[in-house]
Amino acid sequence: MSYKFLLFDLDHTLLDFDKAEGIALTQFLSQEGVEDIQAYKNYYVPMNKALWKDLEQKKISKEQLINTRFARLFSHFGIEKDGTVLAQSYQSYIAQQGQVFPGVNELLDSLISRGYELYAATNGVTAIQNGRLKKSGLLPYFKQVFISEQMQTQKPDSLFFEKIGKQIEGFTKEKAVIIGDSLTADIQGGNNTGIDTIWYNPHHLENKSQAQPTYEVHSYKYLLNCLGKI
């Protein structure tokens with residue numbers, strides 16, 4: 001099957017979220033007067049990941065996630081602070097982080113030269129993702145960027161991808177493929193919507209979820225080869 005529309009996840013697929021988060025947290029926590037920054041990071045990072053999983057499963061709302069995670073962090077260390085104010089402060093730092101993985105530009109250049117249409121499909125906060133895309137220099141590669149906050153729905157909901165399809169001229173599910181690192185968001189989203197998926201799995205993780213990728217690749221080189229053979 002020949003694809004035309006490539007729907008790319010951003011964080012952990014093209015953008016180096018771990019590096020971005022690490023820098024932003026250090027800047028943010030320093031501003032808040034935290035002395036043992038690493039201890040705060042050690043608690044925050046897994047907590048934040050768990051909250052995003054809860055959001056995917058609709059256990060919490062986006063507003064609850066954004067406006068409570070830092071209040072929870074400081075409360076864990078015995079300090080009471082306004083989570084909404086903290087969220088706004090952190091956003092100013094993370095939105096300035098545009099780190100990408102090595103080889104991303106070469107990958108996207110090659111895909112565009114082959115005639116693919118590239119779209120970004122990401123869960124996240126609009127101001128943060130737009131800021132990071134601009135800093136990364138990747139924005140010009142995408143014909144359109146779809147962010148869950150703007151879409152008012154998020155991966156893995158089929159509605160997220162159905163809304164995307166309605167905004168792309170000539171879009172058909174048969175000509176589209178979702179490319180991302182998350183089994184529970186990207187791959188499950190494709191399964192829910194009836195769109196093929198490519199699981200980007202550079203760390204060779206075991207699939208312990210119910211999500212079933214159409215293809216699996218472990219590097220950008222293998223991604224190019226996979227698309228070339230389809």
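What follows draws every value from the coordinates through simple rules; no lab data is involved. Values in this document were obtained by computation on a predicted structure and should not be read as measured data. Cβ: placed from backbone, ideal geometry, glycine included. Neighbour counts: every protein chain shown.
Helix 158-167: angle to the longest alpha-carbon principal axis of the chain, degrees 0 to 90, nearest 10?
Helix 158-167 sits at roughly 60 degrees to that axis.
Local charge sum around K19 (other residues, Cβ-Cβ under 12 Å, Lys/Arg +1, Asp/Glu -1)?
-3
Between helix 126-136 and the chain, what is the angle of the helix's C-alpha long axis to the longest principal axis, kept within 0 to 90° and rounded to the nearest 10?
So the helix axis and the longest Cα principal axis differ by about 70 degrees.
Dipole size in debye (nearest 20) for the chain around its Cα centre, Lys and Arg Cβ +1, Asp and Glu Cβ -1?
Here the chain has a charge dipole of around 380 debye.
Can you grab the distance from the C-alpha centre of region 170-230 to the C-alpha centre of region 97-119, Å, no decimals?
16 Å
Cut-off 16 Å, label point 7 angstrom out along Cα-to-Cβ of I37: give me the residues of region 88-132 whose amide nitrogen falls inside.
Zone members listed by number: 90-97.
Normalising by the residue count of region 17-94, find the relative contact order in percent from Cα pairs under 8 Å and 6+ residues apart.
36 percent
Using only the Cα atoms of region 122-230, build the gyration tensor, take square roots of its eigenvalues as a ≥ b ≥ c, and label the shape rounded, prolate or oblate: rounded if a/c is under 1.5, else prolate if a/b is larger than b/c, else oblate.
Rounded shape, in that the Cα axes give a/c under 1.5.
State the answer as a single residue: which of S61, Q88, Q31 lies farthest towards the positive end of the charge dipole of region 17-94, with beta carbon charges of +1 for Lys and Arg and -1 for Asp and Glu, about the Cα centre.
S61
As a check on your grasp of the helix formula, calculate [θ] at 222 nm for the chain: sum -39500 (n - 2.57) over DSSP H runs of n ≥ 4, divide by the residue count, round to the nearest 500.
Only helices count here, giving -15000 deg cm²/dmol.
Using a Cα-Cα cut-off of under 16 Å, which aspartates and glutamates could be cross-linked to K41, ignoring same-chain neighbours fewer than 8 residues away?
D18, E21, E32
Starting from the eigenvalues of the Cα gyration tensor, five times each then square-rooted, give me the equivalent ellipsoid semi-axes of the chain, largest first, whole Å.
So the equivalent ellipsoid measures 32, 18, 16 Å along its semi-axes.
Relative contact order (percent) for the chain, with alpha-carbon contacts under 8 angstrom and 6 or more residues of separation?
Normalised by residue count, the contact order of the chain is 23 percent.
When Lys and Arg each count +1 and Asp and Glu each count -1, what net charge do the other residues less than 10 Å away from N201, Cβ to Cβ, add up to?
-3
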